[in-house]
Each structure stands twice: as structure tokens, then as C-alpha cells.
1. Name the single residue that is surrounded by the fewest Cβ atoms within 10 Å (Cβ to Cβ) among those in segment 69-103 being of a type in the set (S, T, Y) and at pLDDT 90 or above.
2. Being in contact (Cβ under 8 Å) with a residue 24 or more places away in the chain and farther than 14 Å from D110 by Cα is the filter; apply it to segment 34-54 and report the residue that is surrounded by the fewest Cβ atoms within 10 Å (Cβ to Cβ).
3. Of the residues that sit in segment 12-33 and are loosely packed, with under 13 Cβ neighbours inside 10 Å and aromatic (F, W, Y), which one is farthest from R88 (Cα to Cα)?
4. Could you tell me whether T7 is under 16 Å from A112 (Cβ atoms), outside any strand (DSSP E or B) and without any contact (Cβ under 8 Å) to a residue 12 or more places away in the chain?
5. Out of all the residues in segment 97-105, is one or more assigned to a helix (DSSP H, G or I), of a type outside the set (F, W, Y) and free of Cβ contacts under 8 Å to residues at least 24 places away in the same chain?
6. Does I60 satisfy the criteria of being hydrophobic (A, V, I, L, M, F, W, C), modelled with pLDDT under 95, in contact with a strand residue (DSSP E or B) (Cβ under 9 Å, 6 or more places away or on another chain) and open to solvent by 50 Å² or more (accessible area, probe 1.4 Å)?
Amino acid sequence: MKLTSHTRGLYAEMYALLYLFFKGYRILEWRYKTKLGEIDIIAEYRGQLVCVEVKNRTGIKSALEAVTPTMRGRIARCARHYLANNKRFNATSVRFDLIAISGIRIAHLDNAWDEPT
């Protein structure tokens, strides 16, 4: 059975969730959606809010290239929405990470990009 790109993406996100959980991240949201956009995973790690974009690609470089400036802006707006609706995180710094998955290989880039202004 051939998997659709949507299904492959869901599997990649589930793999990333498990990976983060076993690294000690506290998963807060999966597939957080607003009218502003979506964040694949929102987690808390050592007091910091971490917004994670998951890309299922052939390599880290192509995964990072797939996160366009427009996409980064949408993720940042979505993160601000999350913070506005979860007051306990207002004083928390936000970090944007990328998890690139290729087959069973996984690469986690902390601070993959800064929040666009």
C-alpha cells in the first residue's frame, strides 16, 4: 500500500513526538491549528517554549530549505497566538526548532531560525 504525503507527514510527526518525549520534552500540543497557521508540535523544555516544525525529507538541508520565510512567519504568529491564550507562558522565551526525518534517521536542529520581526 502506497502512503499519501499526508499520512507520511503524520507518521513523521508521531516519530518526532516520541523522540522529543524521550529527550525529556513535555509535549503541550500536537498539530496546533489557528486561523493564522499551524505548529506541528509545541513543547516545553527546561522552562522554554519550543515550537517544532517537522519535515519528512531526504536530508537536513532540503528540510531546512522547505521552511520558507512565509512559513516561519506563520509559525511565529501562531506561537504568539498560543502565548496570548496560555498566560502561564508569557514570560517564557520561545525557540523554533526543526526536526528532519528521512526514513528512520532523525535530526533535531535547536534554534533552527529566529522569530521574524
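1. Within segment 69-103, the first condition is being of a type in the set (S, T, Y), and the residues that meet it are 70, 82, 92-93, 102.
Still in the running and at pLDDT 90 or above: 70, 82.
Values: T70: 10, Y82: 20.
My answer is T70.
2. The extreme case among them is G47.
3. Looking at the filtered set, the residue picked out is F22.
4. Values: under 16 Å from A112 (Cβ atoms): no; outside any strand (DSSP E or B): yes; without any contact (Cβ under 8 Å) to a residue 12 or more places away in the chain: yes.
So T7 fails the test.
5. Of the residues in segment 97-105, the ones assigned to a helix (DSSP H, G or I) are none.
Within segment 97-105 (the criterion being assigned to a helix (DSSP H, G or I), of a type outside the set (F, W, Y) and free of Cβ contacts under 8 Å to residues at least 24 places away in the same chain), the answer is no, since none of the residues qualifies.
6. Numbers: hydrophobic (A, V, I, L, M, F, W, C): yes; modelled with pLDDT under 95: yes; in contact with a strand residue (DSSP E or B) (Cβ under 9 Å, 6 or more places away or on another chain): yes; open to solvent by 50 Å² or more (accessible area, probe 1.4 Å): yes.
It is true that I60 is hydrophobic (A, V, I, L, M, F, W, C), modelled with pLDDT under 95, in contact with a strand residue (DSSP E or B) (Cβ under 9 Å, 6 or more places away or on another chain) and open to solvent by 50 Å² or more (accessible area, probe 1.4 Å).
The values are calculated or read from the model by the stated rules, or taken from the named source; none is laboratory data. In this text the structure is predicted, and so the values were computed from the model without any measurement. Cβ atoms come from the backbone with ideal geometry, glycine included; neighbour counts cover every protein chain shown. These area figures cover heavy atoms from the full protein model, side chains too; ligands, DNA and RNA do not enter into them. Shrake-Rupley method; radii C 1.70, N 1.55, O 1.52, S 1.80 Å.
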